[in-house]
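Asks: Below are the structure tokens for one structure; questions will follow.
Read the figures in this text as sums done on the coordinates, not as results from a lab. As the structure is a prediction and not an experimental result, all values here were calculated from the model. Cβ atoms come from the backbone with ideal geometry, glycine included; neighbour counts cover every protein chain shown.
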Amino acid sequence: MAYLSEPEPEYGRPKPVAPGVRRVVARNPSMMTYHGTNTYLVETPEGLAVIDPGPENAEHVAALVAATGGRVDIVILTHWHHDHHGATPALVAATGARTVGFHRFGAQGFHHDIPLKDGEAFAGLRAVHTPGHATDHLCYAREDGILFSGDHVMSWSSSIVPPPPFGDMTDYCDGLRRLAARDDTLYLPGHGPPLPEPQAYVAELLRYRVAREEAILATLREKPRDPPALVELLYAKREMRLRPAAERNVRSHLDKLRKEGRVSAEGDVWTAL
Ligand SMILES: [Zn+2]
């Protein structure tokens, strides 16, 4: 995969990335979040929008309030995960903004003020429901070709796709095909730098998943195996630091293959059919 990289950003400092869009990176770097979560400040017909306020982090919330003068009209969420949604309560408390997101929030105890279904638009941003990484994941498309792609498509890495009920590999792959058929020109992801020429990249992501799936099937044709054994055989040593994530991905692939009638399981031992 031709992943993109960038130097460590200046945390909390807004930087223009597209017309009417500034990016602020939160200081939550990790193996899963790259340099940190991207928060986007977007000028919209409904006022200033913050897409993904980021993690629960007082320094980041203070940076967003400073960057906007405290005038945030709407807070828009790509999905419920804490590194994107965690700062929402604090930012809403500080600014009185209304929240926008998928009509079924992915976790208990929160409801958006403005719930969106697939294809609905608010503030010039059209929701594209792209479950897989998270069931409530929305990308947001602007008419000028910019797509806020959240964690469905990230420039720096492939996405974690947990098995049901938290994620779904079938949905994830369907979502990639759906994006590949669109004509967006620039993705602004939840982590990592802006992604130009996104269709070729999305096609590559799909090929990568198909290749992983074929490798799983080939290994199971040799003999039945459990997910830890598959991870051991299929993942490079450098990826082993992410073993729990790798195992979740393998379990998602197995779930998809089972739905397609290509594998079966006895307990946690899987057989190719
Ligand atoms: Zn994330």
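Asks: Take every Cα-Cα distance within segment 213-272, group them into 5 Å bins from 0 onward, and report for each bin the whole-number percent of pairs it holds.
Replies: Histogram of Cα-Cα distances, whole percents per bin: 4, 21, 34, 25, 12, 4, 0.
Asks: Now a separate question. Sequence neighbours fewer than 8 away in the same chain don't count; with that in mind, list the lysines whose C-alpha is under 25 Å from residue 259.
Replies: 223
Asks: Using a 10 Å cut-off around each Cβ, can you sort 264, 149, 159, 5 from fewest to most neighbouring Cβ atoms? Don't skip to the answer; put the middle values down first.
Replies: Working: 264 15, 149 28, 159 25, 5 11.
The order, fewest Cβ neighbours first, is 5, 264, 159, 149.
Asks: Relative to the longest principal Cα axis of the chain, at what angle does helix 243-259 sit, 0 to 90 degrees, rounded to 10?
Replies: That works out to roughly 70 degrees.
Asks: Using only Cα atoms, find the angle between the long axis of helix 169-180 and the longest principal axis of the chain, and express it within 0 to 90 degrees, rounded to the nearest 10.
Replies: In the chain, helix 169-180 runs at an angle near 60 degrees to the longest axis.
Asks: Using Cβ counts within 10 Å as a stand-in for footprinting exposure, how do 122, 166, 148 rank, fewest first?
Replies: Values: 122 20, 166 17, 148 26.
Result, fewest neighbours first: 166, 122, 148.
Asks: Under Stokes-Einstein, with the Kirkwood radius over Cα pairs standing in for Rh, what whole-number D in µm²/s applies to the chain at 37 °C and 0.692 mPa s? Don't skip to the answer; put the middle values down first.
Replies: Working: Rh = 19.2 Å.
Value of D from the Cα-based Kirkwood radius: 171 µm²/s.
Asks: Still on this structure, please answer the following. If you average the alpha carbon positions of segment 181-240 and of segment 78-153, how far apart do those two centres end up, in angstrom?
Replies: Value for the Cα centre distance between the two parts: 24 Å.
Asks: Give me the aspartates and glutamates in straight-line cross-link reach of residue 237: C-alpha distance below 18 Å, same-chain residues under 8 apart excluded.
Replies: 247
Asks: Okay, next question. Just to be sure I understand: with springs between alpha-carbon atoms less than 10 Å apart, which residue in 55, 165, 189 has the highest mean-square fluctuation in the Gaussian network model of the chain?
Replies: Residue with maximal mean-square fluctuation among 55, 165, 189: 165.
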